[in-house]
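Contents: one structure, followed by commentary.
The values are calculated or read from the model by the stated rules, or taken from the named source; none is laboratory data. Owing to the predicted nature of the structure, the values given are computational and were not obtained by experimental measurement. Note that we place each Cβ from the backbone using ideal geometry, even for glycine, and neighbour counts take in every protein chain shown.
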Amino acid sequence: MSINWFPGHMHKARKEIAEVMPQVDIIIEMLDARIPYSSENPLVSQLRKETPCIKVLNKADLADPELTRLWVQHLEQERGIAALPTNQHEPHAIKRLLDLCEQLLPDRNLALKGARAMIMGIPNVGKSTFINILAGRTIAKTGNEAGVTKSQQRIKLEQNVILTDTPGFLWPKLSPASCGYRLAITGAIKDTAFDYADIALFAADYLLKHYPQALQARYQLDELPNEGLELMDQIGAKRGCMRKGGVVDLQKTGTLLIGDIRTGQLGPLTLETPQMVQQECADAEQEAAAKAVEKAEREKLRQQRAKKKYR
C-alpha cells in the first residue's frame, strides 16, 4: 500500500515558501528525530543552494539516543548544515538555535544587521511548540495533530533574528514507499489517509528486528514470534482487542501499538538508520528504472499495433 497525503493548503504553502526562499539568510528545518530521513523535505535541498541550514531533530527524547548521534554525524557531512537534537522538555537546548544562527553566519554582525530565518517542517513535528519556547511567549497555535498551522507569520526573536513560520507540509510523492509508513506511524499524516492495521504491521515487523526487548517489556510477552502478524495477534490477545468468535481485532490492536509508539510507551525508538534509507533509496531507483523501461516497451508495442491497424 502506498501512503500519500497532500491537501490543497500544502500545495499553497510550497509555492509561498519557494517565493520567499531567495530572501532568507538561514533555514531551520524541523525533523522528527525518530525518522530524520523520512521527515526531511526534498524541497529544502532543491531550493536552499548555499543558504546555511539548521536541521533540528525534534522529539529526541522519544528517539534512540545512539542512533540520534549517528544521524547528527550523517547530516553534518553536508556543507552548511548543522544538526541540533531537541525536545520540548529542554528549553535551554532549543535556545541554542540562536547561537547556531550566529555561527552559521560568521560574516554577519547580527547586532547591526539582523538575520532572516525561515522555519519549516512536516506536520505534527512540534514546530509550533518549538517556536513558542524560542520566542518566550505563545505565538504559534499548537495541537497534537497534523496540519495545525495554515499560513505564514513573522516573529521577532532575540539576537536580532526575524523568523518566518510556515505551515507544515509534505510533498506529492513519498518515496521510498516506506517513508510514507514511517510518517504515518509517527503522526505526520492524517489518520484518514491510512489504515492502522496496515502501518502497525509494518511497525511490528521493524520492532521485532530492532527492539525485541522493548516489545517483551511493554506487552509482557514470554516469547516473541518471527512475524509481525503473529506479534499483533499476541498483543491483541494480551490487551483484550478481540472480536466475536475469539478473533483478534487488528484495527484495535494496530491503534494500540501505534499509540504506544507515538507516546514513547515502548521507550526511545528510531525507525530508520542512514544505511537503511540509503539501501531503500537505491532499491526505489532501481524499481523506478525498471518501471520506466516496462512503460517504454508497452508504449512501443502500442504504437506498432496502431500502425498495423491503420495501414
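Looking at the range 85-107 only, could you name the residues that are within 13 Å of P52 (Cβ to Cβ), touching a helix residue (DSSP H, G or I) at 6+ places or on another chain (Cβ under 8 Å) and surrounded by fewer than 18 Cβ atoms within 10 Å (Cβ to Cβ)? Lay out the reasoning, then the answer.
Keep residues of the range 85-107 that are within 13 Å of P52 (Cβ to Cβ), which gives 97, 100-107.
This time we only want the ones that are touching a helix residue (DSSP H, G or I) at 6+ places or on another chain (Cβ under 8 Å), so: 97, 101-102.
Passing the criteria: only E102.
Could you list all residues from the range 78-134 that are of a type in the set (A, V, I, L, M, F, W, C) and part of a strand (DSSP E or B)?
Taking the range 78-134 and keeping what is of a type in the set (A, V, I, L, M, F, W, C), we get 81-84, 93-94, 97-98, 100-101, 104-105, 110-112, 115, 117-120, 122, 125, 130-131, 133-134.
Answer for the range 78-134, where residues must be of a type in the set (A, V, I, L, M, F, W, C) and part of a strand (DSSP E or B): I81, A82, A83, L84, A115, A117, M118, I119, M120.
Working only within the range 15-62, note down all residues that are buried (at least 20 other Cβ atoms within 10 Å of the Cβ) and polar (S, T, N, Q).
Once the filter is applied, which keeps residues that are buried (at least 20 other Cβ atoms within 10 Å of the Cβ) and polar (S, T, N, Q), the range 15-62 yields S38, S39, N41, N58.
Could you pull out the residue among A306, A292 that is surrounded by fewer than 18 Cβ atoms within 10 Å (Cβ to Cβ), within 30 Å of the chain's Cα centre (by Cα) and not assigned by TED's automatic domain parsing to the domain that holds I199?
Numbers: A306 fails: within 30 Å of the chain's Cα centre (by Cα).
Sole residue among the options that is surrounded by fewer than 18 Cβ atoms within 10 Å (Cβ to Cβ), within 30 Å of the chain's Cα centre (by Cα) and not assigned by TED's automatic domain parsing to the domain that holds I199: A292.
Considering each of T270, T255 in turn, give the residue that is in a helix (DSSP H, G or I), modelled with pLDDT of 95 or more and not basic (K, R). Quick ask: steps written out before the conclusion?
Details: T270 fails: in a helix (DSSP H, G or I).
Going through T270, T255 in turn, just one is in a helix (DSSP H, G or I), modelled with pLDDT of 95 or more and not basic (K, R): T255.
Going through R302, R262, R218, R311 one at a time, which residue ends up being at pLDDT 90 or above and more than 26 Å from P176 (Cβ to Cβ)? Give the steps one after another, and end with the answer.
On the way: R302 fails: at pLDDT 90 or above; R262 fails: more than 26 Å from P176 (Cβ to Cβ); R311 fails: at pLDDT 90 or above.
One residue alone meets the criteria, R218.
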